[in-house]
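Undergrad: After the structure tokens below, expect a handful of questions from me.
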Amino acid sequence: MIEFKLPSLGADMDEGRLVEWKVKPGDPVKRGDVVAVVDTSKAAVDVEIWQEGIVQSLLVQPGETVPVGTVLALLSGEGEAAVVPAPAPSPARRPVSPLARKRARELGVDIERIEGTGPSGSVTEQDVARAAEASAPVDRQAQMRQAIAAAMSRSKREIPHYYLGETIPLATAAAWLTACNAERPVAERLLMAALQLKAVALACREFPDMNGFWRDGAYVASSAIHPGVAISLRSGGLIAPAIHDAADKPLGTLMRDLTDLVRRARSGSLRSSELSEPTITVTNLGDQGVESVFGVIYPPQVALVGFGRIAERPWAENGSLSIRPTVSASLSADHRVSDGHRGALFLADIRELLQHPERL
């Protein structure tokens, strides 16, 4: 038998509440399938499975809260006989409209605890909205602040941070972006954030000591480059899910993925792999009017890159003074893995990459 366990949901989320199963005993599953929805302090998460087999039994029921690592289900593997019990008669259940069930999943509301006001006691979308308004926002926001505080306290306590800053000229990148977007439909236009994210991902190829994890007293470099993107949530708080393989994606694809990730993060429909697999974090507070940001590393990662607002500033070069668009970039890094010299070279590589946007 193969044990399917609740996977990591990020360093600051150590438990989850099962909202619903997407499979039942007897169903075949393959790698990457979404098999369950789990509610956390930050979002409702689609949980993927990375084994193949046939579901034999579901050990955790919707509504139960369990720690990361708990066995959720058993699967039969290759060569094992699949023994699927005959389904038991289902108890009578109140009708729930598909829209209400979808909305409950998005809001992280337990549908079984909602009193229905529709025909025959059915649960409607309005019932879900009322239940969420009554309790979920306050509870989730408080839980999220506690989770963030715990992770950041651990980070500042355990990680010997060092910080570096660099002002990067963006005249070339801005001109290239304007020309590129003039040839694109409005819905497919690129933002500078996509160029910055791609530059960080490419720099990680040259500086693997910025892209990985500190685990069990040693650094483990990641062969994959999955930058986590810090996203502010409408209800308050922050989450940093991963964009997978960012260094290998064309800018148009990266922009679409970034837009989709922000939308899904704010609607509460992320995947477990997006929360557990970021290898470095990128935070961009330019749209908030912040000139620079020096972030706290998200353990077990070892580096965080920050970008402030793009602004026109005086720029001296070759004895002449001009006004150019620039951005303040920063690096927060782990002194157990790298030092200021390596960090400076890493930031310099990001700066150089942004001077050649056509190569990104």
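The values are calculated or read from the model by the stated rules, or taken from the named source; none is laboratory data. Just so we're clear, the structure is a prediction, and the values are computed from it rather than from any experiment. As a convention, Cβ positions derive from the backbone with ideal geometry for all residues, glycine included, and neighbour counts pool all protein chains shown.
Undergrad: What is the residue count in region 209-232 for residues that are more than 16 Å from GLU277 (Cβ to Cβ) and surrounded by fewer than 17 Cβ atoms within 10 Å (Cβ to Cβ)?
TA: 5
Undergrad: Also, I was wondering about something else. Just checking, which of VAL290, VAL327, VAL302, VAL296 is in the same structural domain as ALA230 (by TED's automatic domain parsing), at pLDDT 95 or above, under 28 Å from TYR162 (Cβ atoms) and surrounded by fewer than 19 Cβ atoms within 10 Å (Cβ to Cβ)?
TA: Criteria check complete, one pass: VAL296.
Undergrad: Further question on the same structure: Look through ARG264, ARG205 and report the one residue that is charged (D, E, K, R) and surrounded by fewer than 17 Cβ atoms within 10 Å (Cβ to Cβ).
TA: Numbers: ARG264 fails: surrounded by fewer than 17 Cβ atoms within 10 Å (Cβ to Cβ).
The conditions single out ARG205.
Undergrad: Next question, about the same structure. Please verify whether ALA187 is at pLDDT 95 or above and either part of a helix (DSSP H, G or I) or closer than 23 Å to HIS226 by Cα (or both), treating the condition exactly as stated.
TA: Numbers: at pLDDT 95 or above: no; either part of a helix (DSSP H, G or I) or closer than 23 Å to HIS226 by Cα (or both): yes.
Spelling it out, it is not the case that ALA187 is at pLDDT 95 or above and either part of a helix (DSSP H, G or I) or closer than 23 Å to HIS226 by Cα (or both).
Undergrad: Taking the options ILE148, ILE168, name whichever one is at pLDDT 80 or above and outside any helix (DSSP H, G or I). Walk me through it before giving the result.
TA: On the way: ILE148 fails: outside any helix (DSSP H, G or I).
Of the residues listed, the single one that is at pLDDT 80 or above and outside any helix (DSSP H, G or I) is ILE168.
Undergrad: So the check is Cβ under 7 Å with 6+ separation or different chains; which pairs have a first residue in region 114-125 that's under 11 Å from PRO95 (Cα atoms) and modelled with pLDDT of 80 or more and a second one that's part of a helix (DSSP H, G or I) and small (Gly, Ala, Ser)?
TA: Listed by first residue and then by second, the contacts come to VAL123/ALA100; THR124/ALA100.
Undergrad: Let me ask something else about it. Looking at VAL220, is it assigned by TED's automatic domain parsing to the domain that holds SER332 and either at pLDDT below 95 or assigned to a helix (DSSP H, G or I) (or both)? Give the steps one after another, and end with the answer.
TA: Values: assigned by TED's automatic domain parsing to the domain that holds SER332: yes; either at pLDDT below 95 or assigned to a helix (DSSP H, G or I) (or both): no.
It is false that VAL220 is assigned by TED's automatic domain parsing to the domain that holds SER332 and either at pLDDT below 95 or assigned to a helix (DSSP H, G or I) (or both).
Undergrad: So, one more: Any idea which of ARG271, ARG263 is of a type in the set (Lys, Arg), free of Cβ contacts under 8 Å to residues at least 12 places away in the same chain and farther than 25 Å from PRO325 by Cα?
TA: Working: ARG271 fails: free of Cβ contacts under 8 Å to residues at least 12 places away in the same chain.
Matching residue, one of ARG271, ARG263: ARG263.
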